[in-house]
1. Would you report the distance distribution of C-alpha pairs in the stretch 233-285 as whole percents per 10 angstrom bin, up to the bin with the largest distance?
2. Could you pull out the pairs from 158/229; 108/334; 37/210; 260/282 whose alpha carbons sit more than 24 Å apart here?
3. From the gyration tensor of the Cα coordinates in the stretch 1-122, what semi-axes in whole Å does the equivalent ellipsoid have, largest first, with each one equal to sqrt(5λ)?
4. Please give the residues of the stretch 137-175, grouped as numeric ranges, whose backbone N is less than 19 Å from a label point set 7 Å along the Cα-to-Cβ vector of residue 125.
5. With a/c under 1.5 counting as rounded, go ahead and sort the stretch 227-381 into rounded, prolate or oblate using the C-alpha gyration tensor (a ≥ b ≥ c being the square roots of the eigenvalues; past the cut-off, prolate if a/b is larger than b/c, else oblate).
6. Return the sequence-ordered ³J(HN,Hα) values of the stretch 15-21 in whole Hz as given by the Karplus equation 6.51 cos²θ - 1.76 cosθ + 1.60 applied to θ = phi - 60°, using x for Gly and Pro.
7. Which value, in debye to the nearest 20, describes the size of the charge dipole of the chain about its Cα centre when Lys and Arg Cβ atoms bear +1, Asp and Glu Cβ atoms bear -1, and nothing else is charged?
8. So what J values fall out for the stretch 210-226 if you push phi through Karplus, 6.51 cos²θ - 1.76 cosθ + 1.60 with θ = phi - 60°, rounded to Hz, Gly and Pro as x?
Amino acid sequence: MDDKLMLMIPGPTPVPEQALLALAKHPMGHRSGEFSKIMAEVTQNLKWLHQTQNDVLILTASGTGAMEAGIINFLSPGDRVLVASNGKFGERWAEVSLAYGLNVDEVKAEWGKALDPDQIGEKLQADTEKQIKAVIVTHSETSTGVLNDLEAINRHVKAHGEALIMVDTVTSLGAVSVPVDEWGLDVVASGSQKGYMIPPGLGFVAVSPKAWEAYKTAKLPRYYLDLGKYRKDAAKNTTPFTPPVNMFFALQATLGMMQKEGLDNIFARHRRLMLATRAAVKALGLPLFAPDEAASPAITAVAPAQVDAEKVRSVLKKRFDIAMAGGQDHLKGKIFRIGHLGFVSDRDILAAISALEVALRELGCDTFTPGAGVAAAASVFVGS
Ligand SMILES: *Cc1c(COP(=O)(O)O)cnc(C)c1O
């Protein structure tokens, strides 16, 4: 059957009908009063989502563009940065930093393990000359399904005093609490096709007053991604360049939905989806790639021992039109990843786990009795 694709990848995520209908509207002029009204509303609601009074700027870019903007606006060539890396995205932020001539120091953890905040703390403590200008961290490492302990890492950065903390929250924002003001996060980047429940195309960067201080003397080249331009225009509820106006309509719709649901309910739902998925995978006798204590509420990576992960994905796609994500780089064929971020309900997990059971059986996997995964997921949902 056509046109029944179920997206269970960590982005693009499923899009609710309200947002799809908003995308189908006629575009409007981005210099019109009507558009400014929408811009004012979504900016307000973005601050709510980020739990901040800081500027939250909207870019026409994917998450990488938002993160690149976050890195390049506040630093100068040769500045020392500490990149914490335990997966594909951590590696990417080191690559971006190198591309701009920054002096990159890395703290690493094995893919599938959480970063050790104390290791980052030691590096920062050793920097008595305060040479480190920024610490760059991925909160939810999508390539492995690991949620890093941002609060603990941030405490070390605050103790250092000089360095800015720049965070990739692309798959944590809208899934788990990211209290930007309470923690004092300086640069917080995300992208529309993840927790925002709209298609790819918009990037978001929240910027602290401390980062704006650094902006004044930062010398890396910037033009399209010059955040000062976006800030100046945002004060007048407009953008420096033509934005994808229909994406703003869609964003207006989904931020409204999020406000109705409430932050605590959104976080509780993602936690429940994560717990149900993990319980099901365990009941199916399949190893989880990330440990319980560092599990991302957005994505669960599974490392099946008996079967090729790519074959599982292929059967799920062909038989059920369910898209799950594969492993990246050396993890290709070793893991598959179940996305449960954004517009995902308990029902979606039950459907995905049932289909997964059929796919595993078809591939000769005999590590479970039929129904065990669904029962385990259901038991998380009962009474919650
Ligand atoms: C999706 C994602 C990004 C952004 O990727 P784009 O393809 O540029 O949108 C960045 N970081 C993480 C952790 C992600 O999951």
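Any read-out appearing in this document is the output of simple, stated calculations on the displayed coordinates, not a laboratory observation. Small disclaimer: the values here were computed from a predicted structure and weren't measured. No Cβ is skipped: glycine too gets one built from the backbone with ideal geometry, and neighbour counts run over all protein chains shown.
1. Calculated over all Cα pairs of the stretch 233-285, the distribution is 20, 27, 24, 19, 9, 2 percent.
2. 158/229; 37/210; 260/282
3. Three semi-axes, in Å: 34, 22, 14.
4. Answer for this model: 149-163.
5. Because a/c hits 1.5 or more and a/b exceeds b/c, the stretch 227-381 counts as prolate.
6. Using θ = phi - 60°, the values come out as 10, x, 4, 3, 6, 4, 5 Hz.
7. Its charge dipole is roughly 760 debye.
8. Couplings: 5, 5, 5, 4, 5, 4, 4, 10, 5, 10, 5, x, 7, 9, 4, 9, 6 Hz.
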